1. Which one of Leu68, Leu86 is open to solvent by less than 50 Å² (accessible area, probe 1.4 Å), closer than 26 Å to Leu365 by Cα and touching a helix residue (DSSP H, G or I) at 6+ places or on another chain (Cβ under 8 Å)?
2. Could you figure out which of (1) surrounded by fewer than 24 Cβ atoms within 10 Å (Cβ to Cβ); (2) in a helix (DSSP H, G or I) isn't true of Ala168?
3. Considering region 227-286 alone, what residues qualify as being of a type in the set (D, E, K, R) and not in a loop (DSSP other than H, G, I, E, B)?
4. Of the numbered conditions (1) buried (at least 20 other Cβ atoms within 10 Å of the Cβ); (2) within 11 Å of ligand 1 (Cβ to nearest atom); (3) of a type outside the set (Asp, Glu), Asn275 fails exactly one; give the number of that condition.
5. Just checking, how many residues over region 313-324 are open to solvent by 60 Å² or more (accessible area, probe 1.4 Å) and assigned to a helix (DSSP H, G or I)?
6. Filter region 62-74 down to the residues that are more than 16 Å from the chain's Cα centre (by Cα) and either closer than 25 Å to His325 by Cα or assigned to a helix (DSSP H, G or I) (or both) and list them by number.
7. If Val298 satisfies every condition in (1) touching a helix residue (DSSP H, G or I) at 6+ places or on another chain (Cβ under 6 Å); (2) in a loop (DSSP other than H, G, I, E, B); (3) surrounded by fewer than 17 Cβ atoms within 10 Å (Cβ to Cβ) but one, which is the exception?
8. Being crowded, with 24+ Cβ neighbours inside 10 Å and within 16 Å of ligand 1 (Cβ to nearest atom) is the filter here; which residues of region 22-53 pass it?
Amino acid sequence: MDSTTGKVIKCRAAVAWEAGKPLVIQEVEVAPPQAMEVRIKILYTSLCHTDVYFWEAKGQTPVFPRILGHEAAGIVESIGEGVTDLAPGDHVLPVFTGECKECAHCKSEESNMCELLRINPDRKVMISDGEARFSIDGQPIYHFLGTSTFSEYTVVHSGCVAKINPQAPLDKVCVLSCGFCTGFGATVNVAKPKKGSTVAIFGLGAVGLSAAEGARVLGASRIIGVDLNSNRFETAKQFGCTEFVNPLEHTKPVQEVLAEMTNGGVDRAVECTGNINAMIQALECVHDGWGVAVLVGVPHKDAVFKTNPIQFLTEKTLKGTFYGHYKPRTDLPVIVEQYLNGELELEKFITHSVSFSEINKAFELMLAGEGLRCIIRMDG
Ligand code: NAD
Ligand code: ZN
């Protein structure tokens, strides 16, 4: 075992002290992993819009000081008591939602909502003892989504860690730990468009374009990208989008625009914006009789979904999903193999790369709507 096992590690982390204020790179102490936990050396992490929402804390509960970050790849440094399926040196992807493999959800083929380890953005401590593993001069620094990957070392419950093929390039497969799987799975596992069908994707960031990629792979013949930012449209063509609608360029509601384009509505819609109006539009734009809309975006904490129940009486279906309905420990290693076999193109999602010391630039890019995923290299 590693010589640091059981010891506190001092390392650099990017700490969010206040809502909307630049993260501060500073030394933190990372306690050893406790029962069923692992300590991971993070090598690459990337920024997802969910990190930005909780950093802004405009529509989410403010929790500070906190270490954000949940899309990442790294290597197990040490393991806590009771961990049997992971060992120091394993290449892993931490995931914001877990799989205990023992609860009714984990045993059911129909659910990825693990009773013990399902996503909980308001939880700020580890579940075993209610404590934070990060501290500065004795002051606790809180966790985020059970992952807190904006740190050179982090402690994660072993049920939220997928062990992957060590040959996989960690600077690429890190996007599988959230964005890609979330969008791709929302289409292939939940919306399930038939070959030749028409799919609308709301929001063309990395999550939405992964959803478009899923529609392309399943053989959808029309993939209509909907985004308020027209700069997204050129890039979206590489992900299979065949047509585009910018709601700001129309006087009619976007659901009417889509109905006119498609003779009554799209077969499937996948919402990847986090905006409540887009969520309602996604349901209202699907065809009656068979249309299915899937919500993926993380809503404002007070958002209310308001629509006329006739939307449902006319046999439309509304669903939602976390992590594209994948079970992280079971499914992620398989997806990594698919990538290694050349079945998935992850490179095209990675538009920027910065060193850890420049992490605030990744936030600026996302706020400006530029690029898809910005990889943050922890060694720089
Ligand atoms: P992003 O910021 O890169 O992309 C979002 C896109 O949506 C942007 O291009 C933006 O212009 C567009 N948009 C915003 N409001 C819109 C509207 N009303 N109509 C049309 N387009 C609109 O973000 P991302 O990282 O791709 O994440 C997308 C969403 O998915 C976020 O809400 C994020 O929190 C959520 N998410 C959910 C899960 C999950 O498991 N369900 C996991 C990861 C991310
Ligand atoms: Zn994410």
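The values are calculated or read from the model by the stated rules, or taken from the named source; none is laboratory data. All of these numbers come straight from a predicted model, not from anything done at the bench. Neighbour counts are summed over all protein chains in view; Cβ atoms, including those assigned to glycine, are modelled from backbone coordinates with ideal geometry. The protein model used for the area step is the full one, side chains on, heavy atoms only, and it has no ligands, DNA or RNA in it. Shrake-Rupley method; radii C 1.70, N 1.55, O 1.52, S 1.80 Å.
1. Only one candidate qualifies: Leu68.
2. With (1) surrounded by fewer than 24 Cβ atoms within 10 Å (Cβ to Cβ); (2) in a helix (DSSP H, G or I) applied to Ala168, the lone miss is (2).
3. Arg232, Glu234, Lys237, Glu243, Glu249, Glu256, Glu260, Arg268, Glu271, Glu284
4. (1)
5. Here the count works out to 1.
6. Hit for region 62-74 is Gly74, nothing else.
7. (3)
8. Those that are crowded, with 24+ Cβ neighbours inside 10 Å and within 16 Å of ligand 1 (Cβ to nearest atom): Thr45, Ser46, Leu47, Cys48, Thr50, Asp51.
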